[in-house]
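K.L.:
Next up is a structure, given as structure tokens.
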Amino acid sequence: MKTRLSVVVAVLLAFSLFAVSCGNDDDDSSDAVVAGDPTVEATPTPQGENGSSGGATGSTDPTSDAEPAPEPEPTEEVLVVSPGVAEEFEDGVVPTGNTGFIPGAIISTECTDGRPVGGNLTIGMYAETNGWDPTTVIGGVEAGELHLMALFDSLFYLDLTTSELVPAMAQSITTEDNQTFVLSLRDDVTFSDGTRFDVDAFIWNVEHYKNTPGSRVIARASDVMEMNKIDDFTVEVITESVNAVFPLSLAGRLGKMMSPTTYQAGIDPDTGLNPEINVNPVGIGAGPFLFESWIQDDVAVVVRNPDYYRAPCPYLDSVTFKPIVDSAQRYNAYQAGDLDVVYLRDAGSLNEELEAGSNISTYVDNFARHWLLNNSKEPFSVRACRRAVAHAVDYEVLNDVVHDGLTTVNRSLFRPGSPWADPEAVIPDYDPDAAREALGECEAELGGPLEFESLCSSDESGVTAEILVAMWTEVGITATANCVSTGEMVAAAFAGESIANDWAGTIADPDGLYAIFYGDSPEDGVCGPNRSASNYGFACYPELDEALEQGRQGLTFEERYAAYSRFQRKWAEEVPVILTFKTGRGYVYTDEVSGMMQTFNFVTLPQFTAKG
């Protein structure tokens with residue numbers, strides 16, 4: 001049997017050969033959707049974490065065999081948003097350089113602190129947005145969410161360090177039963193077409209997101225069963241079922257409000273979409289900036305909205321978004337002074353900036369990077385095949401080679417120290433003997449060898465793919481890596497055509513798992529008609545669905561922990577994807593930049609950022 005040292009040598013050799021053969025394939029960003037973080041929004045929790053939402057029914061099972069919640073994490077009932085326990089995020093958040101800001105903390109939304117006014121802020125992004133319509137933008141901070149924040153603002157901001165909602169276009173949301181909510185809106189917000197933002201506009205937006213085919217917000221909007229106008233700026237919202245985390249969705253994509261007047265003026269009755277808004281979003285938002293120009297895959301510019309409701313914000317005259325897919329090129333552009341802010345996911349670059357004491361905001365997510373497996377098609381519709389490829393990976397070696405050992409590789413859905421992690425939910429780790437045993441079961445069920453092609457895209461993705469192929473080969477699995485453009489890979493995953501590919505989904509609160517794994521499943525391996533649009537691996541298992549439903553209805557930490565413990569144990573048994581890294585991600589910025597604050601999904605708030 002080969003030793004771990006021999007595997008390391010083989011992997012390093014594969015790495016060096018692959019770097020020569022296809023290291024530049026990522027230069028083509030295609031439609032510039034991003035495979036790294038295309039989908040997942042996050043909602044917070046009593047313990048100071050944050051994740052995403054969707055809608056279903058169910059009840060907490062008091063007979064669950066999950067272990068009780070850890071004693072050090074007592075909580076009160078959650079009504080709207082618990083003030084929670086402000087975590088120190090020892091493994092998740094690193095304080096910034098010399099600005100005094102804490103990553104994820106909303107320090108102040110006042111715009112009277114005398115900071116510099118004017119100037120342009122140029123941000124280097126990981127990928128290009130696929131458009132500007134919140135209905136269809138793929139999402140993630142890397143692929144559109146920062147652009148949407150600039151144009152549309154949000155109903156609420158989410159303080160990631162306290163799990164509290166901070167009023168924005170909305171003033172408050174209250175409830176007595178976690179099913180009927182009263183939402184109060186500001187009365188001084190106007191869209192850039194001059195129309196008023198009020199309850200009628202809010203109701204139209206929710207209905208639009210809920211009823212438009214292909215809407216990226218349909219899961220969250222579908223939580224809403226009924227909306228009743230109380231007055232022009234107050235509305236009663238009734239959810240389909242008890243849903244303690246519903247308000248947090250109003251800090252995410254569901255909180256992006258568009259002008260009904262402008263949108264409906266160009267709407268296509270066949271699709272329910274206004275195609276012009278996706279490429280030329282003029283007169284549609286009420287955010288701090290107005291759309292000026294967009295050359296796809298090159299540059300986008302937004303300019304100051306003089307009628308923004310938080311005057312004198314924004315401080316900046318303009319923001320320029322520069323998509324630079326290659327991480328080394330993006331980092332070099334920042335070091336050369338071409339960028340004021342650079343968004344990084346590369347562990348080496350982030351670590352270099354941390355050690356240098358630079359201005360930096362970083363965050364380590366739960367779930368995070370993984371290899372997506374298509375659970376609906378052979379070979380990965382067979383559980384033994386998924387377990388074989390998972391056990392064959394030496395995760396420490398993978399981390400050493402790809403990230404110089406700088407990322408987190410704990411075998412858990414949650415980051416180290418998370419109160420949600422069930423220590424008894426053992427996800428398959430490196431075990432070549434177990435891999436070969438599972439491979440035998442896999443091939444017996446398939447009636448032939450385990451063979452498949454894995455898609456990859458960017459430089460890091462391609463290197464990871466080749467290392468995985470080398471590790472799978474070591475145990476007798478036949479796999480190949482095919483590096484394509486990011487757009488091609490994402491399109492294949494969306495269509496259910498990819499068998500395996502690089503992916504990521506960042507969550508913190510476990511409710512974020514709903515968007516990724518809810519399958520509406522009548523039986524194991526069968527997806528129902530209400531499968532979450534973000535369940536790209538078609539991982540459909542009734543026990544996962546039931547746990548997700550129970551978790552979102554739990555009113556206490558203990559109830560929710562029991563449900564998500566059950567989820568984690570079933571997930572570890574099924575292995576619907578292969579967890580690889582929990583990479584840090586974040587922003588590095590120059591000394592001229594101040595006011596860098598982050599909200600939902602670690603999106604920075606350009607309305608409070610200044611330069612000078």
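K.L.:
I'd like the carbon and sulfur percentage of the solvent accessible area for the stretch 374-517, probe radius 1.4 Å, heavy atoms only, ligands and nucleic acids excluded.
P.N.:
Answer for the stretch 374-517 is 45 percent, counting heavy atoms of protein chains only.
K.L.:
Just name one of H370, V409, S381: the one whose Cα is farthest towards the positive end of the charge dipole of the stretch 332-456 (beta-carbon charges, Lys/Arg +1, Asp/Glu -1).
P.N.:
Projecting each Cα onto the dipole axis, the largest value belongs to S381.
K.L.:
Tally up the carbon and sulfur contribution to the accessible surface of the stretch 238-351 as a whole percent, 1.4 Å probe, everything protein left in place.
P.N.:
Roughly 50 percent of what the probe reaches on the stretch 238-351 is carbon or sulfur.
K.L.:
Right, something else. Whole-Hz Karplus ³J(HN,Hα) for the stretch 353-366, in order, using 6.51 cos²θ - 1.76 cosθ + 1.60 and θ = phi - 60°, x for Gly and Pro?
P.N.:
Rounded to whole hertz, the list is 5, 4, 5, 7, x, 6, 6, 8, 10, 10, 8, 10, 8, 7.
K.L.:
Right, another one. So how far apart, in nm, are the two label points at K377 and E558 if each is 7 Å from Cα heading toward Cβ?
P.N.:
Inter-label distance under the simple model: 4.7 nm.
K.L.:
Another question, if that's okay. May I ask you to give the solvent-accessible area per residue for the stretch 394-452, in square angstrom, as obtained with a 1.4 angstrom probe?
P.N.:
For the stretch 394-452, the per-residue accessible area is 42 Å².
K.L.:
Checking the a/c ratio against 1.5 first, then a/b against b/c, what shape does the Cα gyration tensor give for the stretch 458-604?
P.N.:
oblate
K.L.:
Another question, then. With each pseudo-label sitting 7 Å past Cα toward Cβ, what's the E110-A328 distance in nm, one decimal?
P.N.:
4.8
K.L.:
Per residue, what accessible area does the stretch 229-361 have, given a 1.4 Å probe and all protein chains present, in Å²?
P.N.:
About 36 Å² of surface per residue is accessible.
K.L.:
What's the local net charge at T480, with K and R +1, D and E -1, over the other residues with C-beta under 14 Å away?
P.N.:
The answer is -3.
K.L.:
Moving on. Can you give the local net charge around A438? Use residues other than it whose beta-carbon is closer than 11 angstrom to its beta-carbon, Lys and Arg +1, Asp and Glu -1.
P.N.:
-2
K.L.:
With r defined as the distance between the Cβ atoms of A491 and N211 and R0 fixed at 30 Å, what FRET efficiency is calculated, to the nearest 0.05?
P.N.:
Given R0 = 30 Å and the Cβ-Cβ separation, E is 0.75.
K.L.:
With θ set to phi - 60°, apply the Karplus curve 6.51 cos²θ - 1.76 cosθ + 1.60 along the stretch 555-568 and write out the HN-Hα couplings as whole Hz, x wherever there is a Gly or Pro.
P.N.:
9, 10, 4, 4, 5, 5, 4, 4, 5, 6, 5, 4, 4, 4
K.L.:
Working out 0.36 nm times the residue gap between D232 and E543, then minus their Cα-Cα distance, what length gain in nm do you get to one decimal?
P.N.:
Gain on stretching D232 to E543: 107.7 nm.
The values are calculated or read from the model by the stated rules, or taken from the named source; none is laboratory data. Source: prediction; values computed, not measured. A quick note on method: Cβ atoms are made from the backbone with ideal geometry, for glycine too, and the neighbour counts reach across all protein chains shown. Ligands, DNA and RNA are stripped out before the accessible areas are found, and what is left, the full protein with its side chains, is counted by its heavy atoms. Shrake-Rupley method; radii C 1.70, N 1.55, O 1.52, S 1.80 Å.
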